[in-house]
Every structure is written in C-alpha cells, then in structure tokens.
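What follows is one structure encoded as structure tokens, with my remarks underneath.
The values are calculated or read from the model by the stated rules, or taken from the named source; none is laboratory data. Computed from a predicted model, the values in this text were never measured in an experiment. Glycine gets a Cβ as well: all are built from the backbone with ideal geometry, and neighbour counts include every protein chain shown. All accessible areas refer to the heavy atoms of the entire protein, side chains included, with ligands and DNA or RNA removed. Shrake-Rupley method; radii C 1.70, N 1.55, O 1.52, S 1.80 Å.
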Amino acid sequence: TVTPGSEAELCARRDGVNFKYSDNDFVYEVRGSGDSFTYIILPDGTAEIAYCGYNVNYHETPEFEVEIPAMVENVPVTSIGMYAFADKSSITSVTVPEGVTVIHDGAFARCDRLYHVYLPQSLLTIGDGAFFFCEGLKTVDLPENLVTIGEAAFCQCFCQRMGIDSIIVFHDYSL
C-alpha cells in the first residue's frame with residue numbers, strides 16, 4: 001500500500017507497477033497494462049485510465065494516435081482520469097470508446113498537436129480544462145447524451161467545428 005500523492009505513487013504510475021492505496025475507505029487497485037496505460041479499478045468494479053505511459057514527446061515521436069481500450073483485463077473502462085494524457089505533445093488523434101461516461105479534469109490538457117477527438121455517445125461529462133490548450137484541435141462532435149462541459153474544458157482550442165446536438169450545461173469559460 002502506498003500513500004496517495006506520494007513520490008512512490010508517482011513512480012509506480014509512471015513505471016506501470018501494480019499497487020494499492022486507500023482513500024476515504026475505498027481501495028483502488030492500480031495496474032500497468034501491456035498497452036502502456038496505467039489504470040485504476042474503481043470501487044464500482046469499473047476501470048479508469050489513470051496515466052498514459054507512452055513516451056510520446058514531440059521530438060521523439062512526430063505523430064501518435066491513441067485508441068483507448070474499452071476493456072482492461074475484462075474490466076470495462078468508464079472514465080479517463082485527471083491529467084491522464086496531459087502534456088503528451090505528439091498525440092494527434094484520440095478515440096474514446098463506447099462505455100466511457102466521464103473525461104476528468106485536464107485529461108488531455110496541453111496536447112497541442114491533438115487534431116481529432118472521437119467521443120462516444122455514452123459520454124456524459126467533460127471535466128474542467130479537459131482539452132485546455134489543445135491548439136491543434138480542429139473538430140469535435142459532442143455526443144447527444146452529453147450533460148456537462150466543465151469550466152475551460154475547451155479553452156485555447158481553435159476548433160473550426162464543434163457539433164452540439166443536445167442540451168448541455170456549460171460552465172464559465174467552457175469554450
């Protein structure tokens with residue numbers, strides 16, 4: 001068991017090492033996967049992608065497309081964690097699978113070469129700053145079932161087209 005927010009937790013996440021920690025009486029199991037994703041088994045038995053372990057910095061990988069798995073070890077993925085893909089400057093495209101309902105705060109922040117995001121119809125919430133400073137983002141089709149877009153979720157994105165087909169709660173400076 002490691003302490004949440006400790007150096008040990010950060011190193012374990014980065015290196016894809018399995019560990020457990022307790023937070024508010026919930027035990028989270030964090031595992032590395034063969035696909036270079038670190039994920040958390042949530043109390044409801046679903047998984048959250050917690051960290052992208054791919055080494056996708058601009059100078060090392062000119063272009064990189066990410067397809068988030070719908071399942072990890074036979075567990076459905078339902079959320080993308082806070083800052084899971086933040087600062088991965090070579091990511092150009094992301095496909096979020098059906099079944100994901102939440103993209104947490106800052107999940108893709110500062111992915112400045114991210115051009116395309118494919119969001120599932122199951123998505124209900126996009127957190128604060130989720131796509132903050134994704135300057136390259138050209139188009140986003142928001143799913144019909146989307147309920148909430150957090151503060152500054154698409155701030156500093158210069159989308160040419162943002163498809164909005166439903167009633168959504170926008171927070172201050174969402175777009």
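So, of the residues in the range 152-162 that are farther than 8 Å from T139 by Cα and surrounded by fewer than 16 Cβ atoms within 10 Å (Cβ to Cβ), which turns out to be modelled with the lowest pLDDT? Working first, answer last.
Narrowing the range 152-162 to residues farther than 8 Å from T139 by Cα: 152-158.
Filter once more, so that each one left must be surrounded by fewer than 16 Cβ atoms within 10 Å (Cβ to Cβ): 156, 158.
Values: Q156: 80, F158: 72.
Going through the qualifying residues, I end up with F158.
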Step by step: first the residues of the range 70-81, then only those that are out of contact with any Ser or Thr (no Cβ under 9 Å at 6 or more places or on another chain) and surrounded by fewer than 19 Cβ atoms within 10 Å (Cβ to Cβ), then the one that is nearest to V102 (Cα to Cα). Which residue is that? A70
Limited to the range 120-146, what total is found for residues that are at pLDDT 90 or above, of a type in the set (V, I, T) and open to solvent by 10 Å² or more (accessible area, probe 1.4 Å)? 1
